[in-house]
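Pasting a structure below so you can have a look.
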Amino acid sequence: MAAIAFGVRGWTGPLSMLAVVLAVVLAARLGRSLTPYVLATLPIVISILLVNTFFYPSATDVIVALGPLAATWTGLAQALQATLRVEAFALSVALLGLTTSTDDLLDDLEHRGVGRRAIFVIGSAIRTIPRMAERAGEIVDAQRARGLDTEGSVWRRVRGVVPLAGPLILSALSEVEERTMALEARAFSAPGRRTTLRPLADRRWERVLRWALVVAAVALLSLSVAGRFPLP
Amino acid sequence: MTLPEATAATRPTTEAVRLESVGFVYSDGTRALLDVNLAIAAGERVAIAGENGSGKSTLVRQLNGLLRPTEGRLALFGQDTKRRHVAELARVVGLAFQNPDRQIFAGSVRAEVAFGPRNLGRSGVEVDRLVEEALESVGLAAESWTNPYDLGYSRRKLLALASVVAMDTPVVVVDEPTTGQDAPGIGRIRALIDLLSAKGRTIIAISHDMRFVAENFERVVVMGGGRVLLDATPSEVFAESAWPVLDSTSLTPTYPALVGARLGLGSTPTDASFVEALAARQASS
Amino acid sequence: MTGSPQPRKTGDSGGAGVAPASAGPPVALQLRDVRYAYAGSENWALDGVSLELTAGRVLGLVGPNEAGKSTLCLVAAGLAPAAIGGRLEGSVALGGRDTSSALPHELAQRAGLLLQNPVTQLSGTSPTVYEEVAFGPRNLGLPLDEVATRVEDALAALRIEGLGPRDPMHLSGGQAQLVALASVIALRPPVLVLDEPTSQLDPAGTRLVGKALAGLAGATGTAILVVEHKTWLLGDLADEVALMSGGRIIFRGPTAAMLDDERLADLGVEPPPVVRLRRSLVERGLTPEPSLLAGEGQS
């Protein structure tokens, strides 16, 4: 969908994809969670709007002139089109993120043959971040209780880096051997495929839709590139 | 009466810690403490016991300012803790956490223990002295230059304890000091508590080792559901009449207390008090 | 005082359905003159250990810290040297078969190992306790309903079915320890090697684990080697106790006799409360009442 939004020239591509994304968002009731993603695109969108409206080359249909700068209709149109592309792209990616649970994704990848070690590393990395954050919180507490000043001057806080980062790194490293042993003790290195706990139902219509999207993307893109796209 | 109880009776009093109607609610709305009133005199040896989630850890974190009461008032040696930084309160209350690996960062045992007193601004000579005394008191003097991670877990716990002792604070708080220790390790901790007590330090310990509590503390604060359920001597806390309260917070009386009650000897929380009571009965019969 | 499993005495193989062969009950774990040194270390962490454990029996291992008990656990389960290297002399056999050329995942099915620190025992990649306990059976590629049965049985044995949907990374130390134990039990190995499985548990949790382990030994003939500081638990759970120090087994015998032995205290092992109280009375010149001997160990 992102490919269609970007690759197809003109308005139809981005508009239709945006419409699809918004329809799905409404259906899944994800409206509010989409807000941070929309906000994240604002800086780009604003600069696109400004640059294109005012600086679009060789445009002569001026809306308003502000000294040396002139806003043109052509520029504005291009700006809007570009904005739609960006939004459609960004939001379809956001949609992927919001509707896919990492666990399901990893499970499914493993089911389709991705090795258990790779899955473990990815899953572990994802989970490590919040876990380390919690640990970091405990470490900060313990060191503050020993008089470490976390509220003083910059220099004092710089001196706190080792006592704060040290335990995090050291304990993580010292645990590696034990963690490895614990994994081996539970047959992690056994050959063959692991049992899939949650076989994701890959329903017929889902598969059809997936392939249809891919085919449509290829078709539309090639038409567009060849200059034969029928819609504006 | 147990030995610590007897010693306490003859001690002069200044008030070290006072909690007045202290309550605490976490930012997610969970209530951890409700209407806690506690006054601890300087030099007292107090144990805090109760099941997981009873509020013990939350309570001790109020003492050095890591958490602040959302209701009520907390004073240390007469002064409200309200606007005082954690770094400042750390001069008054030293808190040793349960997991030593959340604070160890130095390359040597010595450097690790020196961290606390240095933060408190002690001079080089004083720091050296405090470090040596602290290591001596936990039996790690021979390991001054050892890397902390070359020590086993139980000795790293002793190291964490030494790190707090070296700060030489008037109040020393320890969280589950005996878990993971073997018998000699527990012996060292008892000796350390005796040493600190002899110097007049106030000691507060969280522990689920009821025998350790009965034998080393003159006062037991039993917590459950964020409240103080009992605040009395071991003799009173392990007396048969209090057993339902202990049960409500997943605590069991000590073995001598159970046997003493069964034999009708009154409250005998420790081996020593049981033996005395039995001897007294046999002498009089 | 709540009920506890029957105190176990010698001479009973215990396992239901384990018919003693003509040569005697099956030997589940055997070490002969074992010496072991960690990779990169000059010292023998184990210096001549021999022991035998028959199916359905529980052997308690006591001793001061750094006596080699944890090392013995790693060697008995075969992970040392199979997974962590190091030098091994002597022989280790699980279920009668030598472990020297076995791969770690094969060993994992023959001996379940639980180490001291619950935090490192958990994989850290399972979103729920249920999946964490399923980790072992899944790794073996067992059919889904077999995995489910094993997980449910393991959770039920430790009475932690309620923790099933919880996030393993947000459990208390005690809960994490129970989950780690459940995940080892889920592999259903014929031998269990446990290094201080109750260190983070309060007395109630400790009793629960004791009952669960006694149940496993009795019902399925699992042989259990358990390192413990809580001697009162061993009084209820273990058939025999061995005392270890300096990389060697100093002596071994039936539980009741061992826990009463003076040499335990010399080596820094705390005897159970019953024994301590009895000794205090004797020291004072008082005669201990018979009712004391029947008491259960509490801390």
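Say whether the condition of being among the aliphatic types (A, V, I, L, M), in contact (Cβ under 8 Å) with a residue 60 or more places away in the chain and crowded, with 23+ Cβ neighbours inside 10 Å is met by at least one residue in region B:126-149.
no
Now, a different point. Which one is nearest to C:Q30 (Cα to Cα), of the residues in region C:75-101 that are in a helix (DSSP H, G or I) and free of Cβ contacts under 8 Å to residues at least 40 places away in the same chain?
Only one residue fits best here, namely C:L79.
A follow-up question, please. Could you figure out which of (1) away from chain C (no Cβ under 14 Å); (2) in a helix (DSSP H, G or I); (3) over 18 Å from B:E215 (Cα atoms) isn't true of B:R155?
(1)
Given region B:1-110, what strands (runs of 3 or more DSSP E) lie entirely inside it while holding 1 or more residues that are surrounded by fewer than 18 Cβ atoms within 10 Å (Cβ to Cβ)?
B:15-25, B:31-41, B:71-76
How many residues does region C:88-146 contain that are among the small types (G, A, S), over 21 Å from C:C73 (Cα atoms) and at the interface with another protein chain (Cβ under 8 Å from one of its Cβ atoms)?
Residues meeting the conditions: 3.
Per-residue answers, yes or no, for (1) at pLDDT 95 or above; (2) within 25 Å of A:A125 (Cβ to Cβ); (3) not in a helix (DSSP H, G or I):
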site: C:E131; (1), (2), (3): no, yes, no
site: C:P137; (1), (2), (3): no, yes, no
site: C:A148; (1), (2), (3): no, no, no
site: C:G162; (1), (2), (3): no, no, no
site: C:P165; (1), (2), (3): no, yes, yes
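Just for region A:137-147: of the residues that are closer than 12 Å to B:L66 by Cβ and either surrounded by 14 or more Cβ atoms within 10 Å (Cβ to Cβ) or among the basic types (K, R) (or both), which one is farthest from the other protein chains (Cβ to nearest Cβ)?
A:V140
Additional query: Given the residues B:A257, B:A214, B:A205, which is the only one that is closer than 21 Å to C:E270 by Cα and in contact (Cβ under 8 Å) with a residue 60 or more places away in the chain? It would help to see each step written out before you state the result.
Values: B:A257 fails: in contact (Cβ under 8 Å) with a residue 60 or more places away in the chain; B:A205 fails: closer than 21 Å to C:E270 by Cα.
On inspection, the qualifying residue turns out to be B:A214.
Here is a follow-up. Which strands (runs of 3 or more DSSP E) does region C:177-253 wholly contain that include 3 or more residues that are away from every other protein chain (no Cβ under 11 Å) and more than 26 Å from C:G136 (Cα to Cα)?
Values: elements: C:191-195, C:223-227, C:240-245.
By residue number, C:240-245.
While we're looking at this one, here's another question. Residues being within 14 Å of chain B (Cβ to nearest Cβ) and surrounded by fewer than 18 Cβ atoms within 10 Å (Cβ to Cβ): count how many of those fall in region A:169-200.
The qualifying residues number 8.
Among what's in region B:78-114 and is within 23 Å of B:Q181 (Cα to Cα) and of a type in the set (V, I, T), pick the residue that is farthest from the other protein chains (Cβ to nearest Cβ).
Looking at residues that are within 23 Å of B:Q181 (Cα to Cα) and of a type in the set (V, I, T), I get B:V109.
A further question follows. So is A:G160 within 8 Å of another protein chain (Cβ to nearest Cβ) and among the small types (G, A, S) or not?
For A:G160, the condition - within 8 Å of another protein chain (Cβ to nearest Cβ) and among the small types (G, A, S) - is not met.
From the list B:S241, B:S235, B:S154, B:S207, exactly one residue is out of contact with any helix residue (DSSP H, G or I) (no Cβ under 8 Å at 6 or more places or on another chain) and either under 26 Å from B:F105 (Cα atoms) or among the polar types (S, T, N, Q) (or both). Which is it?
Every option except B:S241 fails the conditions.
If B:F97 meets every condition in (1) in contact with a helix residue (DSSP H, G or I) (Cβ under 8 Å, 6 or more places away or on another chain); (2) modelled with pLDDT of 95 or more apart from one, which number is that one?
The failed condition is (2).
The values are calculated or read from the model by the stated rules, or taken from the named source; none is laboratory data. Just so it is clear, the model here is predicted, and its values are computed rather than measured. Here the Cβ is made from the backbone with ideal geometry for all residues, glycine too, and neighbour counts use every protein chain on show.
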